[in-house]
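Worksheet: the structure to be examined is printed underneath.
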Amino acid sequence: VQLQASGGGLVQAGASLRLSCAASGRAFSTRAVGWFRQAPGKEREFVAALWLSGGNSFYADSVKGRFTLSRDNAMNTMYLQMNSLKPEDTAVYSCAAGRPILSQVRNQNQYTYWGQGTQVTVSS
């Protein structure tokens, strides 16, 4: 199982970016796929996750209303649409897949497969 994240870049505050997470193997046969981010000097934190069986989405409070998850019909790629970006969104964003229980969908330790990160930099 391999995950490939892409789509990061340097943008100004208020702009949008769409991150992609392409999966090979059976990553999307797991229970959930998610995005996590790590800013310089900070711990990695939960951003958003998609519960695959029901299609429910979960978001960190800091991104709710600005970020949206989606996936393609073949379920091989997950997208994170990021709107109204803020400087505090600057981080390396990584996608992950795993089989967390629903109550632990925000817990990065519940995810088994990780892609490499993609850098998102938002200037003020």
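The values are calculated or read from the model by the stated rules, or taken from the named source; none is laboratory data. Note that the structure is a prediction, hence the values are computed from the model and not measured. Every residue, glycine among them, receives a Cβ derived from its backbone with ideal geometry; neighbour counts consider all protein chains shown. All accessible areas refer to the heavy atoms of the entire protein, side chains included, with ligands and DNA or RNA removed. Shrake-Rupley method; radii C 1.70, N 1.55, O 1.52, S 1.80 Å.
Taking 22 Å as R0, compute the FRET efficiency from the Cβ-Cβ separation of residue 83 and residue 123 and round it to 0.05.
Rounded to the nearest 0.05, the efficiency is 0.85.
Once fully extended, how much extra length lies between residue 107 and residue 13, figured as 0.36 nm per residue of separation less the alpha-carbon to alpha-carbon distance?
Working it through step by step, the gained length comes to 31.0 nm.
Sorted by accessible area with a 1.4 angstrom probe, largest first, how do 61, 89 fall?
Solvent-accessible surface, decreasing: 61, 89.
Compute, for residue 42, the solvent-accessible surface of its heavy atoms (probe 1.4 Å) with the complete set of protein chains present, and express it in square angstrom to the nearest 10.
Around 140 Å² of this residue is reachable by solvent.
First select every other residue whose beta carbon is under 9 angstrom from the beta carbon of residue 92; then total the charges, Lys and Arg +1, Asp and Glu -1.
After counting each charged neighbour, the total is +2.
Calculate, for region 52-124, the solvent-accessible area per residue in square angstrom, rolling a 1.4 angstrom probe over the heavy atoms of the protein chains.
Per residue, region 52-124 has 51 Å² of solvent-accessible surface.
Would you look at the GNM of the chain, springs on alpha carbons closer than 10 Å, and say which of 85, 17, 102 moves the most?
Of 85, 17, 102, the most mobile in the Gaussian network model is 102.
Pulled fully out, how much extra length does the chain show between residue 99 and residue 68, if you take 0.36 nm times their separation in residues and subtract their Cα-Cα distance?
In short, 9.1 nm is gained.
Just want to confirm a number: the relative contact order over the chain, from Cα pairs under 8 angstrom separated by 6+ residues, in percent.
Taking the mean separation of contacting Cα pairs over the length of the chain, I get 36 percent.
Can you check what the net charge comes to around residue 59, using other residues whose Cβ is under 14 Å from the Cβ of residue 59 (Lys, Arg +1; Asp, Glu -1)?
+1
Could you tell me the accessible area of residue 92 in Å² (1.4 Å probe, neighbours in place), rounded to the nearest ten?
My reading of the accessible area for residue 92 is about 60 Å².
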